[in-house]
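Everything on this sheet refers to the single structure shown next.
The values are calculated or read from the model by the stated rules, or taken from the named source; none is laboratory data. Note that the coordinates shown come from a computational prediction; the quantities given were computed from them, not determined experimentally. Don't worry about glycine lacking a Cβ; one is built from the backbone with ideal geometry, like all the others, and counts go over all protein chains shown. What goes into the accessible areas is simple: the full protein's heavy atoms, side chains included, and nothing from ligands, DNA or RNA. Shrake-Rupley method; radii C 1.70, N 1.55, O 1.52, S 1.80 Å.
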Amino acid sequence: MKVIIINGPNLNLLGKREPEIYGSLSFDDYYKSLQEKHPHIHLEYFQSNHEGELLDKIHEIGFSFDGIILNAGAYTHTSIALGDAIAAINTPVLEVHISNVHNRESFRHHSYLSAPSKGVIIGLGLKGYDLAIQFFKDSNHTK
Ligand code: DQA
């Protein structure tokens, strides 16, 4: 089973960035714990601050992987192109947000990604990525 975590802009700064919202653990450290917890799946991680690179990665793996866990950061709220990419591929996508975007600024309340995604995990901290992996592991989900 092949699952990829794709993180968008500013998520490379996890651990340093607004720790009161996003926590003080770096994603690299958290990712190591995910690899240890899920040794039997093929897990990959990709991060980019560039919308086009996120699109290219979704196109590259979107017809061969079993699951995509996507935290597109602020592009969630702006990118019709990322929503279209999710709709275009075969691989199911779980949209993840570390913070509860619904108790933050109103511009974070709308997502272009939620409708074409299989589901959404919001506000459970980094644990959301782990729960998303578990979802893909539990059964063979199709789009
Ligand atoms: C975020 C929420 C977004 O609104 C924000 O732009 C981020 C992180 C989250 O994981 O809580 O960069 O996606």
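Data overview
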quantity	calculated
Of residues in segment 58-81 being assigned to a loop (DSSP other than H, G, I, E, B) and free of Cβ contacts under 8 Å to residues at least 60 places away in the same chain, the one farthest from LEU124 (Cα to Cα)	PHE63
Segment 18-57, subset more than 23 Å from TYR112 (Cα to Cα), open to solvent by 50 Å² or more (accessible area, probe 1.4 Å) and part of a loop (DSSP other than H, G, I, E, B), residue nearest to the ligand (Cβ to nearest atom)	GLU18
Any pair with Cβ under 7 angstrom, 6 or more apart, that starts in segment 104-130 at a residue that is among the charged types (D, E, K, R) and ends at one that is at pLDDT below 95 and in a loop (DSSP other than H, G, I, E, B)	LYS118/HIS141; LYS118/LYS143
Number of the exception - ILE98 against (1) touching a Ser or Thr at 6+ places or on another chain (Cβ under 9 Å); (2) within 16 Å of the ligand (Cβ to nearest atom)	(1)
Sole residue being among the acidic types (Asp, Glu), within 12 Å of the ligand (Cβ to nearest atom) and over 15 Å from the mean Cα position of the chain (by Cα), chosen from GLU105, GLU60	GLU105
